[in-house]
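The values are calculated or read from the model by the stated rules, or taken from the named source; none is laboratory data. All figures in this text were calculated on a predicted structure; none of them were measured in a lab. Ideal geometry is used to build each Cβ from the backbone, glycine not excepted, and the neighbour counts take in all protein chains shown. SASA here: full protein model, heavy atoms, side chains in, ligands and nucleic acids out. Shrake-Rupley method; radii C 1.70, N 1.55, O 1.52, S 1.80 Å.
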Amino acid sequence: MSSSVVHLKEMGLTRWVFTTSDKSQIPEPITKGTGDGLGLQELSDSKWVELQNRVSDCQLCSLHGSRHNTVFGTGNPKAHWMLVGEAPGAEEDRQGQPFVGRAGQLLSAMLFSLNLSRHTVFIGNVLKCRPPDNRDPLGDEVRQCAPFLHEQIRSIQPRIILAMGRFAAQALLQADQSIAQLRGRVHCYPINDTPLVVTYHPAYLLRSPQAKAKTWEDLQRARAHYVGQVCGDQ
Ligand code: URA
């Protein structure tokens, strides 16, 4: 048994491993072309840095008063896959990085099952600051913070967005339906029509491992639309 299969087994994800024939259909996560000879890449790089600075200086809501660090997101700023969670937890607040706790380990295993890694995708959150005591984000906090996420998506221009959990799904789709209502189809992210798939949050999967099978269906749906680049219900 290969060490990667052992690793997935440890995560309880044995059934999530692609067969060899499945794997052959997954395009390598390619970094989009950079540099156009016109200095446009440098321009977008500087906008990205400016966005990072605006996030780290942000005082738009009261969460700035209790945070240790903002959590901008991590990964490839030109990624084809973008994954969006809810908000930093205690460990993320300490380290300034998203998904570094147990839910993050599960997320890494989910990525691994898709032949992706934290370095090839971009992982962000709806909120860039930790809500105290891990409470749910408030409507005002989402309203103040979501524009940063929309700017990130506009800059990254991912080919597929995976919204993990209710808050990410509702914020990205500007919807108020439940996760059960939003799962099971491919949405269009309204700002630029990127295909968007809704799935369960990894922290929920830790509590409810029986939902992993549905999550696996969601990941396959996302992979199919990443390959096919079709936006809308199929
Ligand atoms: N949960 C999230 O939604 N985001 C993180 O970064 C960590 C846990």
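On a full-extension model of 0.36 nm per residue, what is the gain between His119 and Ala180, subtracting their alpha-carbon distance, rounded to one decimal in nm?
19.0 nm
Let me have the relative contact order for the range 79-212, percent, based on Cα pairs under 8 Å that are six or more residues apart.
29 percent
Apply the a/c threshold of 1.5 to the C-alpha gyration tensor of the range 126-234 and tell me whether it is rounded, prolate or oblate.
oblate
Spelling out what I want: for every residue of the range 216-221, take phi, set θ = phi - 60°, compute 6.51 cos²θ - 1.76 cosθ + 1.60 (Karplus), and round to whole Hz; glycine and proline get x.
4, 4, 5, 5, 5, 4
So what is the accessible area of the range 115-234 per residue, in Å², with the probe set to 1.4 Å?
That works out to 43 Å² per residue.
For the range 114-127, just list the computed ³J(HN,Hα) in residue order, Karplus coefficients 6.51, -1.76 and 1.60, θ = phi - 60°, integers in Hz, with x standing in for Gly and Pro.
9, 6, 10, 9, 4, 7, 8, 9, 10, 10, x, 9, 5, 9
Once amide H atoms are placed 1.01 Å from N in the peptide plane, what residues at a sequence separation of 5 or more from Thr194, or on another chain, have their amide H within under 5 Å of its amide H?
Here Tyr189 satisfy the definition.
Sort the following peptides by mean Cβ neighbour count (other Cβ atoms within 10 Å, averaged over residues), highest first: 80-87, 149-156. Intermediate results must be reported in sequence, preceding the final value.
Working: 80-87: 25.5, 149-156: 18.9.
For the peptides 80-87, 149-156, the packing ranking is 80-87, 149-156.
At 0.36 nm per residue, and after removing the present C-alpha to C-alpha distance, how many nm does the segment from Asp193 to Asp136 gain when stretched out fully? Each step should come with its number before you reach the end.
Values: separation 57, 0.36 × 57 = 20.52 nm, distance 2.76 nm.
That pair, Asp193 and Asp136, stretches by 17.8 nm at full extension.
Could you compute the FRET efficiency for Gln210 and Glu91, with r as their C-beta to C-beta distance and R0 at 25 Å, rounded to 0.05?
Numbers: r = 26 Å, r/R0 = 1.03.
My answer for the efficiency is 0.45.
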